[in-house]
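As structure tokens, the structure follows; a few thoughts come after it.
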């Protein structure tokens with residue numbers, strides 16, 4: 001063993017020792033009812049994440065590198081797709097997924113400004129933001145209140161000659177009706193982007209969510225199913241979409257050389273592009289108006305360690321959901337989210353909605369839980385059309401709405417959710433059930 005190897009081994013051993021001393025006690029701290037904070041989500045890690053992170057830092061390869069390649073390969077294998085690409089956030093994943101559909105390389109299927117994209121208003125804004133930012137027209141349909149996903153009976157009503165795509169998320173890990181949505185998209189030759197940021201690990205008919213459509217997206221922000229701090233991914237089986245995604249992720253370049261590598265194509269100075277001089281350096285030829293959305297290799301290193309334990313994360317989420325459901329299913333004032341038929345969700349949260357029997361408001365029960373150290377969350381934007389960001393947009397021109405979105409407003413007013421992430425033990429789950437029952441049943 002060289003001196004360098006000995007020193008690295010010693011550093012990594014010390015890193016593990018540091019984890020045991022500093023972080024492990026926090027990860028394994030005993031839960032105390034009423035005193036311990038029950039967060040809706042959080043990072044779950046051990047010494048491996050820290051070892052890989054430090055290992056990457058010692059190499060000092062600060063941008064996309066070996067850990068990034070390893071993560072992309074292993075994520076693609078986990079999902080059963082051909083390609084997965086790392087980006088710097090789930091929001092960037094949605095941005096990249098949508099902008100990929102705007103490439104001229106898609107010819108008559110290219111999404112152009114003024115074209116329409118079917119989506120929902122009950123969710124996180126970055127599912128919709130890229131559509132608006134590009135100048136396409138989001139068309140909003142309502143939700144259903146059993147599985148809390150898109151009301152697929154509204155799809156045909158939302159269709160027009162300008163419709164080019166559907167872009168929707170799986171709500172809190174519960175898949176939307178993929179069969180109905182996919183049949184609709186196939187019938188009308190529409191693109192389907194699955195925002196899988198809250199559903200990594202979920203399956204529908206035994207196949208992972210995010211892999212049914214043309215492009216799937218994931219987020220690796222700390223509250224999500226796994227984390228690398230900031231980070232996200234897009235994935236696809238379509239070779240043309242793969243080519244466009246790589247270009248748009250990396251500045252819009254035409255070249256596909258990896259960072260630090262030159263002349264992969266073997267024709268760096270002999271090709272012709274547009275009206276550029278013949279032989280113009282291929283590394284500086286741009287075929288799209290792209291972005292720089294890559295992550296650092298240090299972030300990817302954390303992701304590699306997280307992916308190793310990810311199946312365990314999924315099983316704990318399922319177990320925690322079942323325990324919450326069994327503890328709350330008899331409360332008449334709450335409608336609990338039901339599992340989408342034909343699916344096996346990797347739950348992100350536990351969603352509840354006040355029904356007509358409730359004599360209290362959503363905010364009243366949320367405030368009670370928060371005062372008892374239980375974090376709560378609304379279903380993100382609730383109805384994003386009611387947010388200030390839509391004040392400058394004109395309905396009918398900048399966006400369309402199908403119907404009155406009554407269920408979306410119901411979610412905005414009466415739905416909330418609590419956590420079930422893998423850092424929670426049975427004692428925390430039971431405490432949440434106890435407090436909810438205390439407030440309602442009395």
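Read the figures in this text as sums done on the coordinates, not as results from a lab. Since we're looking at a predicted model, the values are computed, not measured. Glycine gets a Cβ as well: all are built from the backbone with ideal geometry, and neighbour counts include every protein chain shown.
Using equal-weight Cα scatterers in the Debye expression, the normalised intensity of the stretch 281-385 in log10 at q = 0.12, 0.13, 0.14, 0.21 Å⁻¹ is -0.69, -0.77, -0.84, -1.24.
Can you give the FRET efficiency for residue 17 and residue 74, using 1/(1 + (r/R0)^6), R0 = 41 Å, r = Cβ-Cβ distance, to the nearest 0.05? Computed FRET efficiency for residue 17 and residue 74: 0.90.
For the chain, the antiparallel share of DSSP beta bridges with both residues in that region comes to about 55%. Once you order the gyration tensor axes a ≥ b ≥ c over the Cα atoms, which shape class does the stretch 204-264 get: rounded for a/c under 1.5, otherwise prolate or oblate by comparing a/b with b/c? It comes out oblate by the Cα gyration axes. With each label point set 7 Å from Cα along the Cα-Cβ vector, what nm distance links residue 360 and residue 26? Reported label-point gap for residue 360 and residue 26 is 3.2 nm.
With a ≥ b ≥ c the root eigenvalues of the C-alpha gyration tensor of the stretch 309-437, is it rounded (a/c under 1.5), prolate (a/b larger than b/c) or oblate? Judged from the Cα gyration tensor, the stretch 309-437 comes out prolate (a/c at least 1.5, a/b above b/c). GNM on the chain, alpha-carbon springs under 10 angstrom: the most fluctuating residue among 89, 392, 219 is 392. Classification of the stretch 1-160 by its C-alpha gyration tensor yields an oblate form. The axis ratio a/c (a ≥ b ≥ c) is 1.5 or more, and b/c is at least a/b.
Distance between Cα centroids, the stretch 297-320 to the stretch 1-23: provide it in whole Å. The stretch 297-320 and the stretch 1-23 have Cα centres separated by 23 Å.
Placing a label point 7 Å from the Cα of residue 179 along the Cα-to-Cβ line, the residues of the stretch 111-152 whose backbone N sits under 19 Å from it are 144-152. For the chain, adding -39500 (n - 2.57) for each run of n ≥ 4 DSSP H residues and dividing by the number of residues yields -11000 deg cm²/dmol at 222 nm.
What is the distance in Å between the Cα centroid of the stretch 135-211 and that of the stretch 377-442? The stretch 135-211 and the stretch 377-442 have Cα centres spaced 19 Å from each other. Please give the Cα centre distance for the stretch 250-270 versus the stretch 42-112, rounded to the nearest Å. Between the Cα centres of the stretch 250-270 and the stretch 42-112 lies a distance of 19 Å. Of the candidates 275, 160, 259, which one comes out as most mobile in a Gaussian network treatment of the chain with C-alpha springs shorter than 10 Å? Between 275, 160, 259, it is 275 that shows the largest mean-square fluctuation.
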